[in-house]
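The values are calculated or read from the model by the stated rules, or taken from the named source; none is laboratory data. Predicted, not measured: the structure shown is a model, and the values here were computed from it. Here Cβ is always computed from backbone atoms with ideal geometry, including for glycine, and neighbour counts include all displayed protein chains.
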């Protein structure tokens with residue numbers, strides 16, 4: 001990375017809590033609740049791992065935080081606003097404060113690396129002169145300065161992940177949600193991505209990384225939110241839940 005500072009985008013806000021869940025439950029259709037009685041509070045600038053066995057509901061919990069799903073019951077606050085009563089017209093403004101790294105990256109293959117990363121800025125109406133200044137800076141910062149004109153299909157999986165991460169953070173979100181961001185890369189790239197998340201966190205972004213990679217979690221001293229049986233527990237850095245799908 002060329003610099004340890006990023007000069008683009010706006011600064012994070014100092015709200016009392018970035019995310020607050022009060023007794024949240026979620027079910028799909030007429031089935032039982034897959035998440036129940038979820039209560040949590042994420043402070044600005046915090047970093048948490050989100051863990052749990054496959055099917056525990058990690059992606060569903062992130063979707064609730066991203067407001068892609070509404071809870072079956074309970075109350076969710078995002079940036080001090082009651083999201084359970086939020087109008088659809090207000091959703092885009094709130095989501096612009098949230099960066100999301102999806103498991104499947106969701107890059108647009110007909111667009112170059114630069115244009116994929118610039119997409120959130122263009123949606124927000126940012127001037128092209130600003131895009132031309134900030135996007136290459138970030139791509140150099142994540143080690144993709146030579147791939148600005150390359151399309152996703154010509155990139156490796158690790159490079160695509162870094163494009164997805166760059167797109168998620170280009171507008172300096174207050175909250176970054178990453179769903180299994182190291183699931184399809186080798187250990188070297190996984191650690192590099194983690195260091196990128198840590199640097200973004202140091203610059204003020206609240207980060208939640210969903211992962212089942214226990215060796216990776218043990219290398220980095222952050223608390224975890226652990227899902228089991230539809231409920232959520234918090235563990236301090238270094239604590240291991242009794243039922244964790246640990247890797248050798």
> Being modelled with pLDDT under 90 and under 27 Å from residue 172 (Cβ atoms), is that true of even one residue in segment 66-84?
Replying inline: yes
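Please pick out the residue among 237, 190, 210, 154 that is under 29 Å from residue 125 (Cα atoms) and either out of contact with any strand residue (DSSP E or B) (no Cβ under 7 Å at 6 or more places or on another chain) or at pLDDT 90 or above (or both).
Numbers: 237 fails: under 29 Å from residue 125 (Cα atoms); 190 fails: under 29 Å from residue 125 (Cα atoms); 210 fails: under 29 Å from residue 125 (Cα atoms).
154 is the lone residue from the list that is under 29 Å from residue 125 (Cα atoms) and either out of contact with any strand residue (DSSP E or B) (no Cβ under 7 Å at 6 or more places or on another chain) or at pLDDT 90 or above (or both).
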> Which is at negative phi and either out of contact with any strand residue (DSSP E or B) (no Cβ under 6 Å at 6 or more places or on another chain) or part of a helix (DSSP H, G or I) (or both), of 183, 143, 204?
Replying inline: 183
> Among 133, 162, 96, which is the only one that is surrounded by fewer than 19 Cβ atoms within 10 Å (Cβ to Cβ), within 24 Å of residue 197 (Cα to Cα), in contact (Cβ under 8 Å) with a residue 24 or more places away in the chain and touching a helix residue (DSSP H, G or I) at 6+ places or on another chain (Cβ under 9 Å)?
Replying inline: 96
> Got a sec? Which of 146, 179, 174 is within 23 Å of residue 80 (Cα to Cα) and either exposed (fewer than 14 other Cβ atoms within 10 Å of the Cβ) or in contact (Cβ under 8 Å) with a residue 40 or more places away in the chain (or both)?
Replying inline: 174
>> Can you tell me which of (1) modelled with pLDDT of 95 or more; (2) buried (at least 20 other Cβ atoms within 10 Å of the Cβ) is the one residue 101 doesn't meet?
In response: (1)
